[in-house]
Amino acid sequence: MAQKDGHAHPAVFLDRDGVINVDKGYVHKVSDFEWIEGAREAIKYANDARVLVIVVTNQSGVARGYYSEEDVRKLHRWINRQLADIGARIDAFYYCPYHPEAIIPQYRRISDMRKPGPGMILKALAEWKIDKERSFLIGDSDRDIVAAERAGIRSQLFGGGDLRALMAKHIGTVLAEPLAATPQGRESP
Ligand SMILES: [Mg+2]
């Protein structure tokens, strides 16, 4: 596992709907889940390159009463079981169940966690040992890109096509960059 050797690793932050699976609107059941072409292979590519794979996904369907947080977590566990079949994994899932106009009162709030807020990315940066300067986000909407910008990481808009190729290109770029001398999370010289 990437975290066990004590070094900070780059991370790729992935939006879920529209990047990992086809965005059919409020996907929460396995039967509605359809992998994006190359998504599993892209995740495996990152795993093999020792780049952390972290999903950051708005799930306002919870706030709207369409499904529960447990439904979200259940689907995420299923996704990782599917990935395990090819020896891949998502290291962490962060989801935001809140929405300002929620039907369910406990989820009715303006939250920095909801993209374009940077909250989920910042939380992950705080909870994992991540080489922030060499991390990036792939998302399919402006909200994702703005969230990355606000969190201070670079980003790539995904508009379809082979996600594995896109992943390989960005990982190639970040891994070719020299480690800076002393930024946060890295070892002192
Ligand atoms: Mg999306």
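Readers should treat all values here as calculations from the given coordinates under stated rules, not as data from a laboratory. Keep in mind it's a predicted model, so treat the numbers as computed, not measured. Glycine gets a Cβ as well: all are built from the backbone with ideal geometry, and neighbour counts include every protein chain shown.
Numerical summary
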| read-out | value |
| --- | --- |
| Column: log10 I(q)/I(0), Debye, Cα scatterers of the chain, q = 0.09 Å⁻¹ | -0.31 |
| Selected from A11, A39, A126 as most flexible by GNM, with the chain as the system and alpha-carbon contacts under 10 Å | A126 |
| Order of D85, D144, D91 under a 10 Å beta carbon neighbour criterion, fewest first | D85, D91, D144 |
| Segment A176-Y26, length gained on full extension (0.36 nm per residue, minus Cα span) | 50.2 nm |
| Fewest-first sequence of V56, V22 by Cβ atoms within 10 Å of each Cβ | V22, V56 |
| Sites I104 and R50, calculated FRET efficiency, Cβ-Cβ separation with R0 30 Å, nearest 0.05 | 0.15 |
| Check: the chain dipole with +1 on Lys, Arg Cβ and -1 on Asp, Glu Cβ, in debye | 380 debye |
| Of the DSSP H helices in the chain, those whose Cα atoms cover at least 15 Å axially and whose Kyte score averages -0.5 or more | 163-176 |
| Mean ellipticity per residue at 222 nm, deg cm²/dmol - from DSSP H runs of n ≥ 4 across the chain, formula -39500 (n - 2.57) | -10000 deg cm²/dmol |
| Label zone at R143, where the point sits 7 Å out along the Cα-to-Cβ direction: region 35-57 residues whose backbone N lies under 11 Å | 57 |
| Rel. contact order, % - alpha carbon contacts under 8 angstrom, at least six apart, the chain | 26 percent |
| Within-13-Å neighbourhood charge of A11 [Cβ basis; K, R +1; D, E -1] | +2 |
| Net charge over other residues, Cβ less than 15 angstrom from the Cβ of S68 (K, R count +1; D, E count -1) | +2 |
